[in-house]
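What follows is one structure encoded as structure tokens, with my remarks underneath.
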Amino acid sequence: MLKIAIALFTIVAVVYFLVKKYDTKLVLLVAGVFMACFALAPMKAFESFSKVMVSGGLIQAICSVLGFAAVLKITGCDKHLVALLGNVLKRAGIFLVPAASLLTFSINVALPSAAGCAAAVGAIFIPLLIHSGVRPAMAAAAVFSGTYGSMLSPGLSHNPFVADLAKVSVLEVINTHKFATISSIVVASIALGLLAIYLKEHKGYVSEDKDFQIDTTFKINPLFALVNIIPLAILVLGFTGWVPLLKMGVPEAMLIGAFLAVIITRTNPAKVSEGFFNGMGGAYAQIFGIIIAATVFVSGLQALGAVNAFISLLISNPSMASIGATVGPFLLAVVTGSGDAAAFAFNKAVTPFAVEFGTTIERMGSLAALSGAIGRTMSPLAGAAIICAGFAKVSTFDMVKRTALGMVLALITAYFMLAF
């Protein structure tokens, strides 16, 4: 009982320090080592660290996608995609708010960083929405609501993580949750659009702020915009078997995309190469580092016997497993602004036993990851929230008041589509 009490105390401490915005990796690492030492098995934490840091499939997918994302930024292709879809947004009429969310969601698939997507999209979409009469807080909420489209990206860290657990391809994991993910954003977008109409924030607003003026001088190159989706198109066409010649892994598709970006945009190859590898290194440091730290944290829980106790409880009450995979990551993401820590920890500790709960690793792992992403999209502390609110010059709390209803409905939608 003492070991379980220490585990619970440590979990509470982790939540506290995450809320206080301490570095996620540091908090999880220290907590994991502390629990392992208390259990008189310190090497369990260190061995888990060394084991996961060379997980080939995870490193390949995550690092290559973030490398390609860096290439898009250097070549300016991301701006052309956003501007192109911005022209579509201009013609949305009464559907302006939900259309902005859905278009942001679509762009986030190609640009899988939530904060990066918020910066690229928000710079164009938020002034466009405000210029079209949408109130600033609602304009920011429309963009912020769409910043979890990365769930459909092969490079989102959670997808290869779950694929590695299930011993399947990354695209099989995405195929498992694609309908739930798309349905959730459709529900959230409709809810936000109706809320905008109810609050009368969808039209009629007039701003004299020069920062909300539209840049009409930017010339869109459709080929540059197309570069953003080339790797994703290659992966989908190859995975579905429509074009067998294109069946390949994520790194290969991203590298092809990077080469095409250089050729089409005629950007300095040396500059692109440096950016690609810097992007890969940043992905390992910032994203894969959280996976490593979460693994050490779980190893500490295992050393104390807390994981086995929790799994035994879930086996006795299988219905609790799906609820735990939904509510846990969601709430922690709302509180901390990041769903990664909870989702990774849950998927490492519990998801491998999904079959015993009457579901599959792919479904349970996807549910935990999607719940964390949805929770982060109604957190005032999320990086993407701060960026969107900054563009609109409103507080993050005013913004998430508007995203909250849609995200709760999105969570319920995801639960019913993946839990059963």
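Just to confirm the number: angle between the C-alpha axis of helix 77-90 and the first principal axis of the chain, 0 to 90 degrees, nearest 10? Between the helix axis and the principal axis of the chain, the angle is about 60 degrees. Taking the centroid of alpha carbons for each part, segment 316-391 and segment 150-187 are 13 Å apart. Between A115 and D23, the simple label model (points 7 Å from Cα in the Cβ direction) yields a spacing of 1.4 nm.
Taking a cut-off of 28 Å, what percent of all Cα-Cα pairs in segment 56-203 are separated by more than that? Please list the in-between numbers first.
Details: 2510 of 10878 pairs.
Summing the P(r) of segment 56-203 above 28 Å gives 23 percent of all pairs.
With the charge dipole of the chain set up from +1 on Lys and Arg Cβ and -1 on Asp and Glu Cβ about the Cα centre, the Cα lying farthest toward the positive end among the listed residues V187, P269, A69 is that of V187. A Förster radius of 25 Å combined with the Cβ-Cβ distance from I256 to N278 puts the calculated FRET efficiency at roughly 0.80. Here K200 is the anchor, and the lysines within straight C-alpha reach of less than 25 Å, apart from those fewer than 8 places off in the same chain, are K90, K210, K393, K401. Look at the dipole of the chain built from charges on Cβ: of L102, C37, A285, the Cα furthest out on the positive end belongs to L102. Two numbers describe the Cα atoms of segment 128-175: Rg and Dmax, which are 16.5, 49 Å. Label-to-label distance for K401 and Q286 is 3.1 nm, based on points extended 7 Å past Cα in the beta-carbon direction. Counting only lysines at least 8 places from K167 when in the same chain, those with an alpha carbon closer than 28 Å to its own are K25, K44, K51, K178, K247, K348.
If you take the beta carbon distance between A233 and A13 as r and set R0 to 41 Å, what does 1/(1 + (r/R0)^6) give as a FRET efficiency, to the nearest 0.05? All intermediate terms of the calculation are to be shown ahead of the outcome.
Working: r = 45 Å, r/R0 = 1.11.
Given R0 = 41 Å and the Cβ-Cβ separation, E is 0.35.
If you take the alpha carbon atoms of the chain and fit the smallest convex hull around them, that volume is 134 Å³ per residue.
Would you calculate, for the chain, the mean residue ellipticity at 222 nm contributed by helices, counting each DSSP H stretch of 4 or more residues as -39,500 (n - 2.57) and dividing by all residues, to the nearest 500?
-24000 deg cm²/dmol
Computed from backbone phi with θ = phi - 60° and the Karplus coefficients 6.51, -1.76 and 1.60, the 3J(HN,Hα) list for segment 304-316 is 7, x, 5, 5, 4, 5, 5, 5, 4, 5, 5, 5, 6 Hz; x is used for glycine and proline.
Go through segment 140-229 and name the trypsin sites (Lys or Arg not before Pro) that are in a DSSP coil and have 16 or fewer other Cβ atoms within 10 Å of their Cβ.
K167, K200, K203, K219
The charge dipole of the chain, taken about the Cα centre with unit charges on the Cβ atoms of Lys, Arg (+1) and Asp, Glu (-1), comes to about 380 debye, rounded to the nearest 20.
Rounded, prolate or oblate: which fits segment 261-420, taking a ≥ b ≥ c as square roots of the Cα gyration tensor eigenvalues, rounded meaning a/c under 1.5, else prolate when a/b beats b/c? Could you put the intermediate results ahead of the total?
Values: a/c = 2.13, a/b = 1.41, b/c = 1.51.
Oblate, since a/c reaches 1.5 and b/c is not below a/b.
Relative to the longest principal axis of the Cα atoms of the chain, the long axis of helix 396-418 makes an angle of roughly 60 degrees. Structure remark: mean-square fluctuation, Gaussian network model of the chain, C-alpha springs under 10 Å; the largest value among L128, L156, L40 belongs to L40.
Using the Cβ-Cβ distance between F353 and I197 with R0 = 51 Å, the FRET efficiency computed as 1/(1 + (r/R0)^6) comes to roughly 0.65. A Stokes-Einstein calculation at 4 °C with viscosity 1.567 mPa s, built on the Kirkwood radius of segment 344-420 over Cα pairs, returns a diffusion coefficient of 94 µm²/s.
Taking a probe of 1.4 Å, how large is the accessible area per residue of the chain, in Å²?
Value for the chain: 43 Å² per residue.
Only one residue of P380, M364, F353 has its Cα farthest out toward the positive end of the dipole of segment 348-401, where Lys and Arg carry +1 and Asp and Glu -1 on Cβ, and that residue is P380. Straight-line reach from K219: which aspartates and glutamates have Cα under 18 Å away, leaving out those fewer than 8 places along the same chain? Cross-link targets: D78.
The values are calculated or read from the model by the stated rules, or taken from the named source; none is laboratory data. Computed from a predicted structure; not experimentally measured. Note that we place each Cβ from the backbone using ideal geometry, even for glycine, and neighbour counts take in every protein chain shown. The area values use the complete protein model at the heavy-atom level, side chains included, leaving out ligands, DNA and RNA. Shrake-Rupley method; radii C 1.70, N 1.55, O 1.52, S 1.80 Å.
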